[in-house]
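J.: One structure, pasted below without further comment.
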Amino acid sequence: MFVPLMHAEKPFEFARTPGKLPKEVVPMKYSVRFVPNIDNFTFTGSETAELSVHSSVRQLVLNALELKVIEASIDGKALPQSAMKIDEKNELFTLALPSQLAAGSHTLALTFSGKINQQGQGLFYMRYQEQGTSAKKLALGTQFEATDARRLFPCWDEPSFRARFQLTAVVPENWLAVSNMPIESEKKVSDGKEIRFAATPSMSSYLNVFVAGELDLIESRSGPTQIRVITTKGKAKLGRYALEATAQILKYYNDYFGVPYPLPKLDQVALPGGFGGAMENWGGITYYESALLFDPKNSSAETKQDIYEVLAHEMAHQWFGDLVTMAWWDNLWLNEGFASWMGTKCTAHFNPQWEVWLRRNLPRDPTRRVGIAKEQAMEGDARSTTHPIQQPIATEAEASSAFDDITYKKGQSFLRMLESFLGEDVFRDGIRRYIAAHKYSNSTTADLWNALSESSGKPIAEIAAGWTEQPGFPLVKVKREQGGKFSLTQERFTVNFKNAPPLEWKIPLTYSVIGEAPGTLLMTGKIDSLQKLQTNRALKLNVNGAGNYRVEYDEPSWSLLLQTLPELGVEDRVNLLSDAWALVQADRAPISLYFGLVEKLPSSTELAEREQIVNVLDFINRLLIGRPEREKFQAYARSILRPTFDALGWDPKVGEPATAGNLRASLINALGDLNDQEIVAGCRERLTKYLTNPQSLQPDLRPSVFAVVGRYADKETWNQLHELGLKTTSTEEKQNYYDGLAGAIDPTLVKKTLPIALTDELPTSRAVFLVAKVARDSEHPDLAWNFAKANMKALLAKTDALGANRYAPSLFTFFSDDSRANELKAHAKLNLPVTSAIDVAKAVDEIQFRSQFKKRLASQLSAWINKQKL
Ligand SMILES: [Zn+2]
């Protein structure tokens with residue numbers, strides 16, 4: 001049962017905010033100067049921090065990690081070495097004071113030294129090949145979220161300790177340096193130039209940024225704001241698309257939030273390595289290069305869409321996250337769920353042709369944080385290893401592990417459901433109230449609900465509690481009664497989770513009788529009903545699939561829906577497919593429910609609908625590796641997908657919709673995987689032409705063509721792809737070639753691909769994921785795991801602490817034999833820290849689910865396919 005928690009959370013109040021640091025001392029402004037030494041990857045630094053002491057203290061407690069503090073003084077009085085204590089385990093730096101420090105203003109001064117990391121953590125370096133030359137170069141960058149600002153300078157590194165930050169750095173003379181704020185002054189010094197940046201407004205420490213190297217830029221203005229795209233030398237012109245999109249998005253957000261972007265400039269910075277995603281540092285957003293740069297001649301439509309979406313997500317953070325920051329990591333969803341929702345909304349607004357809300361199936365790149373994969377979040381949320389959106393966070397490791405699908409994607413789904421229930425205008429009004437009330441400060445979820453309650457006059461906190469404070473989500477069962485009455489029952493929806501605690505939700509339901517205007521019902525109990533509806537027409541719940549719940553129809557309701565499919569919009573058809581597949585996974589329905597629906601669908605080239613089907617077929621195809629049923633299944637799966645591909649053809653047609661290119665690429669990939677010999681031959685032909693004339697192959701098709709030829713590669717083809725990968729200086733193209741290599745199913749080639757992860761052919765952050773890619777795509781997860789086991793130390797040196805927790809478990813999720821679950825548990829016991837427990841549990845659950853599902857599917861599939869008389 002769901003019992004409303006005793007108002008688990010209150011509005012933001014600094015003194016009550018969780019965290020390790022005592023709250024008597026608060027930094028107001030830091031001035032930090034550091035001098036990187038790129039010959040030995042170290043730096044030296046000094047800082048002064050203006051403190052406001054609220055009540056007298058005998059010691060100062062702040063954060064530091066892998067730093068050596070050399071000198072410390074308070075109000076100009078030096079403190080002895082014996083007064084300084086670094087606690088590496090708790091990441092704390094304690095300074096014992098000679099006497100009581102009275103309430104009031106004081107100044108702390110420190111000098112220190114630290115290291116420049118190989119992985120994207122704290123201050124880090126990136127090696128890359130310069131565009132248009134063969135020169136190997138090095139650049140510096142920072143990544144501080146969640147808790148790594150403390151690796152660059154000692155600080156109160158918790159989000160509610162807002163302060164102003166003024167950074168100064170010494171860099172080589174031919175370098176360009178970027179931070180949150182514009183450069184205030186620059187002067188020559190003996191070993192280069194010293195650059196002083198203007199002080200930031202009050203913000204959280206994790207939002208600081210510093211990037212420097214031989215950089216180029218393009219710029220424009222949007223109202224009072226200078227906007228720039230910054231890249232390594234030779235690549236600035238590839239930032240044109242991002243620059244234009246930035247101007248468009250900025251204008252939209254200035255209006256939506258009701259508070260204009262508050263800094264004088266906004267930089268979009270492309271990093272050639274270091275980390276995989278993007279980071280919303282205030283005024284200086286950093287991106288992995290291929291997430292920002294678009295080459296009109298060589299980039300795919302998919303890349304363009306991803307760039308827009310990531311920009312819109314990170315820019316939403318400039319308000320939701322930077323201007324107003326969650327008080328503590330237990331409310332991370334406020335940042336990430338909101339930015340995911342807002343970014344998708346903005347992307348859809350300006351690019352309706354991309355069908356962004358609809359395309360919520362599995363993302364192709366498991367390392368992507370930003371995404372609209374609602375279905376992926378719901379799959380995870382149905383398992384025993386899920387957690388509520390809001391969860392207690394005690395340690396740094398827990399803060400890092402909060403960056404998951406539940407935080408991003410369930411958060412986004414819930415906000416979308418709430419917006420569609422309240423209406424766009426009422427919802428936006430609430431957001432404006434919230435931003436106005438909390439700007440330059442912190443907030444909790446309760447603050448957001450209060451603002452939305454004010455704007456809507458509805459008890460939002462009550463509706464929301466079930467969705468953010470408890471795990472999971474509901475299944476609504478529909479039963480057709482007499483006289484236009486439908487009874488509704490809710491229960492918790494679970495997969496591979498016996499004896500799950502039963503829960504209830506307040507569900508903002510939407511429904512439509514096909515052909516009539518939709519209605520809403522707030523379902524507040526276990527049982528409810530819809531009355532006086534048309535008796536002879538189909539009823540569909542969850543209009544457009546905007547709600548975060550599943551629906552199970554009784555037999556008469558389902559048959560009527562099947563007859564009505566051509567009248568349903570594509571959103572509703574995709575929603576029916578997703579729910580049917582989920583019911584099969586949950587063992588609530590046989591596979592015939594899903595394929596029965598697929599076969600009744602009108603033939604179509606709708607991208608989102610076909611992608612849903614492609615994802616399911618791909619999942620089954622991988623699950624059946626080594627099973628005798630696989631060949632028959634592949635023939636059946638090809639018979640479903642091939643007609644759509646034949647309608648599209650290999651080449652774009654004049655006037656075709658924007659999504660046709662995505663769908664064509666997706667089908668080539670899927671049919672290639674399903675062993676369609678014509679497709680494989682077509683891809684080989686195109687690679688041959690491409691080798692002599694790269695422009696002969698459209699950018700949209702390149703990732704798929706390389707994936708298919710890579711999959712069935714012999715030694716010669718493998719070498720060709722490898723050479724292309726070594727030669728290019730585009731990170732996007734490089735990734736396409738290496739993805740092709742990773743898919744090779746010939747075991748001798750698998751053994752050639754894996755060691756590349758140990759070299760610097762790929763940027764550090766990408767190299768480690770090559771092994772996971774091989775585990776998934778090569779059909780030899782065993783070879784990938786053996787390789788990882790033998791080289792674990794070198795691989796983990798390329799990833800951060802969070803990555804280390806997830807690395808081994810992530811490789812196991814491609815297995816579907818129970819014995820592997822035990823192997824992972826044994827491995828974890830001997831080799832992994834306790835902080836990896838949740839990742840291990842998730843992987844074990846996944847292996848066990850796949851093992852059981854495989855057995856069940858194999859027999860059901862044979863029965864279904866035989867009935868189809870292929
Ligand atoms: Zn984000």
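The values are calculated or read from the model by the stated rules, or taken from the named source; none is laboratory data. The structure presented is a predicted model; accordingly, all values stated were derived computationally and were not measured. Cβ coordinates were reconstructed from backbone atoms using ideal geometry, including for glycine residues, and neighbour counts include every protein chain displayed. Ligands, DNA and RNA are stripped out before the accessible areas are found, and what is left, the full protein with its side chains, is counted by its heavy atoms. Shrake-Rupley method; radii C 1.70, N 1.55, O 1.52, S 1.80 Å.
J.: Considering only V709, A863, L770, whose Cα is most displaced toward the positive end of the charge dipole of the chain, charges sitting on Cβ of Lys, Arg (+1) and Asp, Glu (-1)?
T.: The Cα lying farthest towards the positive end belongs to A863.
J.: Hey, another quick one. Cross-link candidates for K485: which lysines have Cα within less than 24 Å, leaving aside residues fewer than 8 places away along the same chain?
T.: Leaving aside lysines fewer than 8 places away in the same chain, those within reach of K485 are K477, K506, K526, K532, K540.
J.: Let me ask something else about it. In terms of modelled amide H atoms, which long-range or inter-chain residues lie less than 5 Å from the amide H of L292?
T.: Those lying under 5 Å, H to H, from L292: there are none.
J.: Next question. Excluding ligands, DNA and RNA, what is the solvent-accessible area per residue of region 687-769 at a probe of 1.4 Å, expressed in Å²?
T.: Heavy-atom SASA per residue in region 687-769 reads 39 Å².
J.: Next up: What is the magnitude of the charge dipole of region 635-777 about its Cα centre, with +1 placed on the Cβ of each Lys and Arg, -1 on the Cβ of each Asp and Glu, and no other charges, expressed in debye to the nearest 20?
T.: Dipole about the Cα centre, nearest 20: 140 debye.
J.: Sticking with this structure for a sec: If R₀ is 45 angstrom, what is the calculated FRET efficiency for the pair K825 and K20, using the beta carbon separation as r and rounding to 0.05?
T.: 0.90
J.: Skip the ligands, DNA and RNA, and give the accessible area per residue of region 165-217 with a 1.4 Å probe, whole Å².
T.: Details: 1750 Å² over 53 residues.
Here the per-residue accessible area is 33 Å².
J.: Just to be sure I understand: of the beta bridges DSSP finds with both ends in the chain, what percent are antiparallel, rounded to 5?
T.: 80
J.: R0 = 51 Å: FRET efficiency of R432 with S604, Cβ-based, nearest 0.05?
T.: The pair R432/S604 has a calculated efficiency of 0.80.
J.: Going by amide H atoms built from the backbone, whose H comes under 5 Å of the H on I70, apart from near neighbours?
T.: Amide H to amide H, under 5 Å and 5 or more residues apart or across chains, I70 pairs with T111, F112, S113.
J.: OK, next. For region 418-435 and region 795-844, what is the centre-to-centre distance using only Cα atoms, to the nearest Å?
T.: So the separation of the two Cα centres works out to 41 Å.
J.: Gap in Å between the Cα centre of region 116-195 and the Cα centre of region 449-518?
T.: The distance from the Cα centre of region 449-518 to that of region 116-195 comes to 48 Å.
J.: Excluding P566 itself, calculate the net charge of residues whose Cβ lies under 15 Å from the Cβ of P566, where each Lys or Arg counts +1 and each Asp or Glu counts -1.
T.: Summing Lys/Arg as +1 and Asp/Glu as -1 gives -2.
J.: Pull out a ≥ b ≥ c, the square roots of the eigenvalues of the alpha-carbon gyration tensor of region 392-516, then state rounded if a/c is under 1.5, prolate if not and a/b is larger than b/c, and oblate in the remaining case.
T.: Since a/c reaches 1.5 but b/c is at least a/b, the shape of region 392-516 is classed as oblate.
J.: With every protein chain left in place and a probe of 1.4 Å, what is the accessible surface of M126, to the nearest 10 Å²?
T.: 10
J.: Magnitude of the Cβ-charge dipole of region 115-250, K/R +1 and D/E -1, about the Cα centre, nearest 20 debye?
T.: 200
J.: Something else now. Using a 1.4 Å probe on the protein heavy atoms only, what accessible surface does W558 show? Give it in Å² to the nearest 10.
T.: Ignoring ligands and nucleic acids, W558 comes out at about 30 Å².
J.: Something else about it: Could you calculate the FRET efficiency of K68 with Q848 from 1/(1 + (r/R0)^6), where r is the beta carbon distance between them and R0 is 45 Å, rounded to 0.05? Intermediate results must be reported in sequence, preceding the final value.
T.: On the way: r = 47 Å, r/R0 = 1.04.
My answer for the efficiency is 0.45.
J.: Next question, about the same structure. Using only the heavy atoms of the protein chains and a 1.4 Å probe, how would E355, E219 rank by accessible area, largest first?
T.: E219, E355
J.: Still on this structure, I have one more. Which peptide among 202-214, 85-97 comes first, and what is the full order, when sorted by highest mean count of other Cβ atoms within 10 Å?
T.: In descending order of packing, they fall as 202-214, 85-97.
J.: Something else: For the ranges 221-229, 289-297, what's the packing order if you count other beta-carbon atoms within 10 Å of each residue, average per peptide, and put the highest first?
T.: 289-297, 221-229
J.: State the percentage of accessible surface on the chain attributable to carbon and sulfur atoms; use a 1.4 Å probe and exclude ligands, DNA and RNA.
T.: Using a 1.4 Å probe with all protein chains present, the chain comes out at 52 percent carbon and sulfur.
J.: Give the peptides 666-674, 491-499 in descending order of average Cβ contacts within 10 Å, highest first.
T.: Top to bottom by mean Cβ count within 10 Å: 666-674, 491-499.
J.: Also: Keeping all protein chains in place, calculate the accessible area per residue for region 773-830 (probe 1.4 angstrom), answer in Å².
T.: Details: 2520 Å² over 58 residues.
With the other protein chains kept in place, region 773-830 gives 43 Å² per residue.
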